[in-house]
């Protein structure tokens with residue numbers, strides 16, 4: 001969890017918003033999730049793209065989980 005402690009919340013939020021949603025009309029992650037749920041996500045580039053645009057969201061959710069579960073300390077050591 002030390003890795004999550006080193007990333008400020010505002011950085012994780014900005015990464016999720018800008019990297020996770022780019023291009024913005026329509027959000028690329030939304031297209032890839034639709035492809036995943038309809039079964040058309042078969043090309044390796046599309047799978048890589050899903051992970052690329054999904055990683056910032058996973059990082060943000062992990063940081064939020066760690067914060068609210070008490071696994072992230074707010075003090076400097």
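The values are calculated or read from the model by the stated rules, or taken from the named source; none is laboratory data. Predicted model only: the values in this text are computed from it and were never measured. Neighbour counts are summed over all protein chains in view; Cβ atoms, including those assigned to glycine, are modelled from backbone coordinates with ideal geometry.
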Going through the stretch 1-12 in order, the residues found to be outside any loop (DSSP other than H, G, I, E, B), in contact with a helix residue (DSSP H, G or I) (Cβ under 8 Å, 6 or more places away or on another chain) and exposed (fewer than 15 other Cβ atoms within 10 Å of the Cβ) are 9
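Of all residues in the stretch 13-49 being modelled with pLDDT of 80 or more and exposed (fewer than 10 other Cβ atoms within 10 Å of the Cβ), which is nearest to residue 61 (Cα to Cα)? Step through it out loud before you land on a result.
Of the residues in the stretch 13-49, the ones modelled with pLDDT of 80 or more are 13-19, 29-49.
From what's left, exposed (fewer than 10 other Cβ atoms within 10 Å of the Cβ): 37-39, 42, 44-45.
On the way: 37: 21, 38: 24, 39: 25, 42: 26, 44: 25, 45: 24 Å.
Here the residue is 37.
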Of (1) loosely packed, with under 10 Cβ neighbours inside 10 Å; (2) assigned to a helix (DSSP H, G or I); (3) modelled with pLDDT under 85, residue 70 satisfies every one except (2)
Checked the stretch 27-50 for anything part of a loop (DSSP other than H, G, I, E, B) and under 17 Å from the mean Cα position of the chain (by Cα); matches are 27
